[in-house]
Ligand code: SF4
């Protein structure tokens, strides 16, 4: 621009104001426990895993006096009374919390309380809904995935797709995990179910089912998080999948791409991924990574590097499936900031946002369907169409439905009704499966007074 030129015209008064923002890795040395951690250590996946924060003592060791006791007491109360997931935070994730809080303990503590990543990775007692922490219809396995197992860990819910849960652990545990029934260590409140088969036998049974079921063309390889499967085992399983001619799509589910990007940058993992991607390409199979990022603070240069590396070695696409949560990302600005960072800076396609599922003690995170509809409306038209995420409700016994697809909605009681166009794996003999209406429930705190009264009278 020359001195005489006016700046290009800006569009003013839009509800959302897009500005390109550079990705930043927050300085981990601001935390007393990591003052001497070097860049090389930080980039080392093994260092990250060894230094994961698993309990209050370890969290205090990292945060030192920066965070006040009131926060730790609140966290301890939550672990005792409410938590459905145990604590597991890679340093990478903890470092994205309260990145600009300074050094005044009162301000840092307030920033921790308000922080969107903290709110779902490190829930405290005072976060929870004081009246209805759980919806009366919440369930441990709210999507009934185990009910639809055709062999241990293999959920056949949709006609052409399966979900293969290879293991029940992750490098990080999210407070709102929909598989809280199975994933992670038991908590004070939740005695977790266990996978019983040996991994090799479980994988054999999955491969055998897929060979016998040519109508299944799409396999989501998940857990837990595939980043916790030893690489040689994961590669062997993926190569066996690629040997099945009827399998045409493979998606690797890993939140670790954002929570522990160092894992996906290890040379042995990158080289292995290149071999798998090369085989997929030769066989015409779509290999993609699906990750789980909920807030723009998680999208750091290391995350972008991990995503780009996967694309460079031949993975066809890296996509994000976030979860919509109050206090985390439930505003148009938060969603669009995240989507622009994913799409524009990290080459990760914003694909879905799910409503948080109806698991116990999740009401403070959950949104009503009408709130999700408003958010979907608010984010239309800013991103490229193919990168505009769909907000979906995973309706029990139905599956994912776009939030505008409901058939009927009782706003007073907060009950939406949904239909479906296929039978899940357990309904082949059910003549009414395609005629029935399936309910989904809004959080009671979002209802008008009459609706809240109705649940008080009938909810128990
Ligand atoms: S990474 Fe996924 S499976 Fe693991 S705890 Fe988080 S939501 Fe659950």
* So residue 232, is it surrounded by fewer than 18 Cβ atoms within 10 Å (Cβ to Cβ) and assigned to a helix (DSSP H, G or I) -> yes
Over segment 334-352, the set of residues touching a strand residue (DSSP E or B) at 6+ places or on another chain (Cβ under 7 Å), surrounded by fewer than 20 Cβ atoms within 10 Å (Cβ to Cβ) and part of a helix (DSSP H, G or I) is 343
Flagged in segment 410-444 as over 27 Å from the mean Cα position of the chain (by Cα) and either closer than 29 Å to residue 332 by Cβ or not assigned by TED's automatic domain parsing to the domain that holds residue 334 (or both), in numbering order, are 410, 411, 412, 413
Of the listed residues (221, 229), the one being within 25 Å of residue 185 (Cα to Cα), touching a strand residue (DSSP E or B) at 6+ places or on another chain (Cβ under 8 Å) and within 16 Å of the ligand (Cβ to nearest atom) is 221
inquiry  = So, residue 129, is that one assigned to a loop (DSSP other than H, G, I, E, B) and under 24 Å from the mean Cα position of the chain (by Cα) or not?
reply    = yes
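This table checks each residue for (1) closer than 30 Å to residue 150 by Cβ; (2) modelled with pLDDT under 95; (3) surrounded by fewer than 16 Cβ atoms within 10 Å (Cβ to Cβ).
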| position | (1), (2), (3) |
| --- | --- |
| 401 | yes, no, no |
| 417 | yes, no, yes |
| 429 | yes, yes, yes |
| 437 | yes, no, yes |
| 442 | no, no, no |
| 446 | no, no, no |
| 451 | no, no, no |
| 455 | no, no, no |
| 458 | no, yes, yes |
Quick count over segment 134-167, residues being assigned to a loop (DSSP other than H, G, I, E, B) and either out of contact with any helix residue (DSSP H, G or I) (no Cβ under 9 Å at 6 or more places or on another chain) or assigned by TED's automatic domain parsing to the domain that holds residue 81 (or both), is 12
Could you check, for segment 263-285, whether at least one of its residues is within 16 Å of the ligand (Cβ to nearest atom), within 15 Å of the chain's Cα centre (by Cα) and not assigned by TED's automatic domain parsing to the domain that holds residue 118?
-> no
Exactly one of 355, 406 is farther than 22 Å from residue 290 by Cβ and touching a strand residue (DSSP E or B) at 6+ places or on another chain (Cβ under 6 Å), and that one is 406
Checklist entry - Would you say residue 53 is closer than 23 Å to residue 303 by Cβ, under 20 Å from the mean Cα position of the chain (by Cα) and free of Cβ contacts under 8 Å to residues at least 60 places away in the same chain? => result yes
Those residues of segment 318-333 which are assigned to a loop (DSSP other than H, G, I, E, B) and either closer than 16 Å to residue 257 by Cα or within 14 Å of the ligand (Cβ to nearest atom) (or both) amount to 325, 328
*asked:* Given the criteria assigned by TED's automatic domain parsing to the domain that holds residue 424, without any contact (Cβ under 8 Å) to a residue 12 or more places away in the chain and either in contact with a helix residue (DSSP H, G or I) (Cβ under 7 Å, 6 or more places away or on another chain) or more than 9 Å from the ligand (Cβ to nearest atom) (or both), does residue 181 qualify?
replied: no
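The values are calculated or read from the model by the stated rules, or taken from the named source; none is laboratory data. What you see is a predicted model; the values in this text were computed from it and never measured. Cβ sites come from the backbone with ideal geometry, for glycine too, and all protein chains shown count toward neighbours.
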